[in-house]
1. With the structure loaded, tell me whether residue 91 is within 20 Å of residue 1 (Cα to Cα), part of a loop (DSSP other than H, G, I, E, B) and in contact with a Ser or Thr (Cβ under 9 Å, 6 or more places away or on another chain) or whether it fails that test.
2. Can you tell me which residue is surrounded by the most Cβ atoms within 10 Å (Cβ to Cβ) among those in the stretch 11-55 that are in contact with a His (Cβ under 7 Å, 6 or more places away or on another chain) and under 25 Å from residue 169 (Cβ atoms)?
3. List, please: which pairs have Cβ atoms under 6 Å, are six or more places apart or on different chains, and start with a residue in the stretch 33-46 that is touching a residue at least 40 places away in the same chain (Cβ under 8 Å) and end with one that is of a type in the set (Gly, Ala, Ser) and in a helix (DSSP H, G or I)?
4. State all residues of the stretch 70-97 that are over 13 Å from residue 39 (Cβ atoms) and of a type in the set (Lys, Arg); if no residue qualifies, say none.
5. Name the residues in the stretch 69-100 that are hydrophobic (A, V, I, L, M, F, W, C), free of Cβ contacts under 8 Å to residues at least 60 places away in the same chain and more than 21 Å from residue 53 (Cα to Cα), would you?
6. Out of 38, 31, which single residue is more than 15 Å from residue 94 (Cβ to Cβ) and touching a helix residue (DSSP H, G or I) at 6+ places or on another chain (Cβ under 8 Å)?
7. Filter the stretch 25-70 down to residues that are part of a loop (DSSP other than H, G, I, E, B) and under 18 Å from residue 133 (Cβ atoms), then give me how many there are.
8. Test residue 1 against the stated conditions and say whether it is farther than 28 Å from residue 173 by Cα, among the hydrophobic types (A, V, I, L, M, F, W, C) and modelled with pLDDT of 95 or more.
Amino acid sequence: MHFETDQIYHVYNQGNNRQQLFYSDENYQYFLRLYRKFIFGKADLLAYCLMPNHFHLLINTTSESVKMKQVGSLQLTELSNGIRMMLTSYSSAINKQLGNTGSQFRQKTKAKLLDSNNINYPFVCFNYIHQNPLRSGLVGRMESWEFSSFRDFAGLRNNSICNIELAKRILDFDENNFIEESYRVINSDLINTL
């Protein structure tokens, strides 16, 4: 994964063969703890959503994100290495839980740079990430899905790993009408570009 400073990336991955990644609430919580351990402080998280077989992160990179680090024979950025460590640690724990071996995730984690020249892609992606549980039919309301940052932005929880103030500044959403605005339908053509 290539990262540049002060850019917004949509980072996502899913289970091998679309297999399930999270089997219990504790699994979701453990993944978020690993995020704190390996990535927090190396980038600013603007939004996230953990789904049963995949995850989405909306990340704003910092100078710390792109610092180079020697990992064996590889030169990785702090952020790339943090993502690698988070996924490796999670796979190890789930393998132990299930009695499996190997990676739980697809080999290549995607990190798409969001360009906002014509349309505010970061804002569209922010909403797309939060709408995932609703669009997939897991919940009837986005507020009901505990494993996304939607509840933090809606003011229903305040223990977020997201940099909420930075997200408000960068994404320029209407704080007073956040919930209503979040339910707007996103154009399908835009979703296919995320």
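The values are calculated or read from the model by the stated rules, or taken from the named source; none is laboratory data. All of these numbers come straight from a predicted model, not from anything done at the bench. Cβ placement follows ideal geometry from the backbone for every residue including glycine, while neighbour counts extend to all protein chains displayed.
1. Answer is no for this residue.
2. 47
3. Partner pairs satisfying both residue conditions: 34/89; 38/82; 39/82; 42/82; 46/167.
4. Residue satisfying the conditions is 96 alone.
5. Within the stretch 69-100, 71, 74, 76 meet the criteria.
6. 38
7. Adding up the residues that qualify gives 2.
8. Details: farther than 28 Å from residue 173 by Cα: yes; among the hydrophobic types (A, V, I, L, M, F, W, C): yes; modelled with pLDDT of 95 or more: no.
In short, no.
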